[in-house]
Amino acid sequence: MQPGEFRLIEVLRSALGGTDPDLLVGMGDDAAVVRCREPVTICSDTLVAGRHFFADVAATDLAWKALAVNLSDLAAMGAIPRWALLNLSLPAGQNCDWGLWVEDFAAGWRALAKPSGLRLIGGDTVATDGPLTLTVTVLGAQRDAPMRRDAARPGQGVWVSGCIGDAAAALDIAWSARALPARPPAGLSTQAQWALEQRRLRPTPRTALGEAAARCGVACAQDISDGFVADLGHILQASGVGARICVDDLPISVALRPALGEDWEAWQRWPLTGGDDYELILCVPPELEDTLRGIGRETGVPLTRVGEIAPAEVGLELRWRGELRRIDGHGGHQHVF
């Protein structure tokens, strides 16, 4: 790395480190040392410029998104965020003030990390001849039994947090603005397009919801990163079950709804198969559904029942406007462009 490497590390340490009674050795040594009082849940994700994000994205937004996608994985398991590792590969030879860029990056990261008490405890910075690349690893305390993909059972309700489809529609708008192949939603106001873009750039990981759901006994969850159908499909495959879904009941934001209407292609493209929403799918036994509604009120997260788990022979049954429908030519979100 260029001579400014240690300055960049110090910016990250001073902005994102901090004290923690279970953090015995933090940033600045050869390795971090933490005390684990309960099982630890670990997940990691790598983002590459030009493949997972546009190279011109603001550093603040990139930091938020990079951390959010990992926190969403913790939320799906019901874990409590504790610590993070960050590896940054910064392109050499670019006309960029990386010191200023890292300061902006730290501000975006801190905005999301601070409410949960997440601490950055280490990582690495290197120069690269390739694109900007970052890898985030987060560790969470698993105080209750983890929610798993293989725990869905017939008779459970299928619930979705927040709204879905916004990020995929915003990505189509962003692609279109860059003259890339896309189908941007039509007839949306500037304000609606801005709202969708904020959902794409700064998704809200449902960590408090996930923790509370696991605590009350919900055993099965999955975050929506590849699209509702694809991620529900992960649950169905792992659990050996099917599902009946009422597409009309899917939670749609005020910003996106005008672009959907009676257009089945649009429903498929954005709410059903579009990714990057980072909401949660929860499979909930009937006796826990009232409790889940209360958790939604307590955490301030809207929750919508969209169907139920069925025997395996049902497969995935989608009903829209009173008729059974099929997904035509759509796969899950691939996080590439």
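Results, tabulated for the structure shown:
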| quantity | calculated |
| --- | --- |
| Overall form of segment 167-315 per C-alpha gyration tensor (a/c, 1.5; a/b vs b/c) | prolate |
| Calculated FRET efficiency for the pair V314/A145, C-beta based, R₀ 41 Å, to 0.05 | 0.90 |
| Modelled FRET efficiency - R0 51 Å, S176 with I42, Cβ distances, 0.05 increments | 0.85 |
| For segment 61-149, the Rg and Dmax computed from alpha carbons only, in angstrom | 14.6, 49 |
| Unit charges at the beta carbon, dipole of the chain: most positive-side option, T304, A141, V48 | T304 |
| Segment A92-H234, extension gain: residue separation times 0.36 nm, minus the distance between their alpha carbons | 47.2 nm |
| Per residue, in Å², the accessible surface of segment 68-152 once ligands and nucleic acids are set aside, probe 1.4 Å | 39 Å² |
| For the chain, size of Cβ-based charge dipole, Lys and Arg +1, Asp and Glu -1, in debye | 380 debye |
| Mean projection area, nm², convex hull over Cα of segment 248-317 | 6.0 nm² |
| Of the trypsin sites (Lys or Arg not before Pro) in segment 181-252, those whose Cβ has at most 16 other Cβ within 10 Å and which sit in DSSP loop | none |
| Ranked by how many other beta carbons lie within 10 Å on average, peptides 229-236, 123-130 from highest | 229-236, 123-130 |
| Mean accessible surface per residue for segment 184-337, computed with a 1.4 Å probe while every protein chain stays in place, in Å² | 43 Å² |
| Most to least packed among 141-154, 288-301, 267-280 [average Cβ atoms within 10 Å] | 267-280, 141-154, 288-301 |
| Cα-projected label distance for E298 with S189, points at 7 Å along beta-carbon direction, nm | 3.6 nm |
| In nm, spacing of pseudo-spin labels at D104 and R215 (7 Å Cα→C-beta vector) | 3.8 nm |
| DSSP H segments from the chain that extend 20 Å or more along their own axis, Cα-based, with Kyte-Doolittle mean of -0.5 or above | 59-77, 98-113 |
| From the coordinates shown, semi-axes √(5λ) of the Cα gyration tensor in Å corresponds to which of (i) 35, 26, 15; (ii) 38, 28, 15; (iii) 40, 25, 15 | (i) |
| Cα-based equivalent ellipsoid of segment 116-236: semi-axis lengths in Å, sorted from largest, via gyration tensor | 30, 24, 14 |
| Whole-angstrom gap from segment 188-218 to segment 98-133, using each part's C-alpha centre | 21 Å |
| Theoretical ellipticity at 222 nm over the chain - DSSP helices of four or more residues, -39500 (n - 2.57) apiece, nearest 500 | -10000 deg cm²/dmol |
| Accessible surface of the chain [probe 1.4 Å, protein heavy atoms]: carbon and sulfur percent | 50 percent |
| Virtual spin-label span in nm between V33 and K114, 7 Å along Cα→Cβ | 3.1 nm |
| FRET efficiency for V57 and V254, using Cβ-Cβ distance with R0 set to 30 Å, rounded to 0.05 | 0.75 |
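The values are calculated or read from the model by the stated rules, or taken from the named source; none is laboratory data. What you see is a predicted model; the values in this text were computed from it and never measured. Cβ coordinates were reconstructed from backbone atoms using ideal geometry, including for glycine residues, and neighbour counts include every protein chain displayed. Side chains are part of the model used for accessible areas, which takes the heavy atoms of the whole protein and leaves out ligands, DNA and RNA. Shrake-Rupley method; radii C 1.70, N 1.55, O 1.52, S 1.80 Å.
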